[in-house]
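The structure under discussion appears below in the form of structure tokens.
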Amino acid sequence: MKFPVFPVTLLGLSLLAGSLVLTSLSFISESVRAAVSPRSIEVKETNGTVTTQGKPVKVGDRLQASGSLSTNFDASAVLAMEDGIGTVQVSENTNVQVKTLKTSKDGSKQTRLYMDKGQVSAKVRSFTNPNSSFEVETPGGVAGTRGTEFGVTVGSNGKTGLSTIRGKVAFSARGKTVLVEPGYSALIVPGQAPTIPKVTTGDTRLKLQVLSVTGDGQVRVTGTVDPINLVLVNNQIVDTGGEGQLDTVVPIPSNRQLRLVVRNPLGNQQVYELEIPNSAGTSENPVNQ
């Protein structure tokens, strides 16, 4: 007697199909999990007082979208993005917020940080996906790149300085964009378009003009710096305007000494220790760092 084999064949095909379906579902499930998994930026290094919403930050902490980080006087931090995208060095007296951490359906990744004051230096690898990007937004404008090394300063009024070391950075404000190439710098004054990029000088000098007691327990300091640089007087960021003109009045410290820091977008700086005279006059003692 001959037995039909057709049912057995059907059973075998059915099991095989079921296996394929299960494998496909498993693959889809993993893809969905990867897509919905939130991105984050890891704190790799800290030095001094570094906080997030008033709470101490420690190495290994992760910042997600809307997370923030602040450094106090003489403090710093290093942030690292996943997949080796790049690192961001955060200097003292700086506020950084993670504004966007997005992964699109095409696998591209968009990262945007917001900085309202201070200085950061970023090293970002070249992206393989044409839709990936890394940006630093400030009150003045946006610096965007797809792989480069650059630095940004933000003054007390939102004035933004940019210097590029490697690659190109698109510097945008008021509907205008300039490309800042390696070895060049540009400036954005809030409400204005970016300046035409100029060769980076790296000049961190302060040309002191006046250091005089005003008679009411305060001292006036005036001078000039490169406009792209950040200036701090006794650990407070002060305005230098679009021309780099320093003119500020501050209380006289008990030790009658002022500490001025001139820091460029790449993080290089010069420190000045100024002794306040008992009467009108000037005095300065620069200390290089």
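The set of residues in the stretch 68-85 being open to solvent by less than 30 Å² (accessible area, probe 1.4 Å) and at pLDDT below 95 consists of MET81, ILE85. Within the span defined as the stretch 154-166, every residue fails to be among the small types (Gly, Ala, Ser), within 16 Å of VAL43 (Cα to Cα) and touching a Phe, Trp or Tyr at 6+ places or on another chain (Cβ under 8 Å).
Answer yes or no as to whether GLN236 is modelled with pLDDT under 95, closer than 22 Å to VAL120 by Cβ and among the polar types (S, T, N, Q). Against the criterion (modelled with pLDDT under 95, closer than 22 Å to VAL120 by Cβ and among the polar types (S, T, N, Q)), GLN236 qualifies. Among the residues that make up the stretch 171-190, is at least one of them among the β-branched types (Val, Ile, Thr), touching a Phe, Trp or Tyr at 6+ places or on another chain (Cβ under 6 Å), surrounded by fewer than 22 Cβ atoms within 10 Å (Cβ to Cβ) and free of Cβ contacts under 8 Å to residues at least 60 places away in the same chain? Yes. Scanning the stretch 123-138 for residues that are touching a strand residue (DSSP E or B) at 6+ places or on another chain (Cβ under 6 Å), farther than 23 Å from LYS159 by Cβ and open to solvent by less than 80 Å² (accessible area, probe 1.4 Å) yields VAL124, SER132, SER133. For the stretch 101-112, how many residues are open to solvent by less than 10 Å² (accessible area, probe 1.4 Å) and at pLDDT 95 or above? Number of matching residues: 1. Could you please let me know if LYS44 is basic (Lys, Arg) and at pLDDT below 95? So LYS44 does not fit the description; no. Among residues that are open to solvent by 60 Å² or more (accessible area, probe 1.4 Å) and at pLDDT 95 or above, VAL225 is not included. In the set VAL231, VAL199, VAL210, only one residue is modelled with pLDDT of 95 or more and either exposed (fewer than 15 other Cβ atoms within 10 Å of the Cβ) or among the hydroxyl-bearing types (Ser, Thr, Tyr) (or both); that residue is VAL199. Only one entry in VAL98, VAL57, VAL120, VAL43 is open to solvent by less than 30 Å² (accessible area, probe 1.4 Å), touching a residue at least 12 places away in the same chain (Cβ under 8 Å) and over 25 Å from ILE165 (Cα atoms), namely VAL57. Do the conditions hold for GLY267, that is, is it part of a loop (DSSP other than H, G, I, E, B) and at pLDDT below 95? For GLY267, the condition - part of a loop (DSSP other than H, G, I, E, B) and at pLDDT below 95 - is not met.
The values are calculated or read from the model by the stated rules, or taken from the named source; none is laboratory data. Only a predicted model underlies this, so the values are computations on that prediction, with no experimental measurement involved. Please note: Cβ atoms are built from the backbone with ideal geometry, for glycine as well, and neighbour counts cover all protein chains shown. Heads up: the accessible areas ignore ligands, DNA and RNA and are worked out on the full protein's heavy atoms, side chains in. Shrake-Rupley method; radii C 1.70, N 1.55, O 1.52, S 1.80 Å.
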